[in-house]
Amino acid sequence: MIRVPMIALLLLAGLAGCADNPSGHHGGLPPQDPADYHGVPTDTRPPSMVPAPVAR
C-alpha cells in the first residue's frame, strides 16, 4: 500500500528537479583563455635516454 504514494512522491521529486531551469544551459559567454596562453606546448624532440649504469 505504501508503494503507490512512494512512487508518486519520487516521480514528483524528479519532475520538480527538471522544472527549475527549463533552458538547459548555463547562459552567458563561454570561458576565454588568457591573452598569453598559446595552447599546449608540443615537444617534438625524442625522449632523452639515461645512460646505463656501469657494471662492476
Exercise. When you look at residue 51, is it in a loop (DSSP other than H, G, I, E, B) and modelled with pLDDT of 80 or more, yes or no?
Worked result: yes
For this session: Hey, can you tell me all the residues within the stretch 7-45 that are surrounded by 10 or more Cβ atoms within 10 Å (Cβ to Cβ) and either touching a Cys at 6+ places or on another chain (Cβ under 9 Å) or modelled with pLDDT of 75 or more (or both)?
Result: 7, 8, 9, 10, 11, 12, 14
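The values are calculated or read from the model by the stated rules, or taken from the named source; none is laboratory data. Remember, predicted model here, so these are calculated numbers, not experimental data. Reconstructed Cβ throughout: ideal geometry from the backbone, glycine too, with neighbour counts over all protein chains shown.
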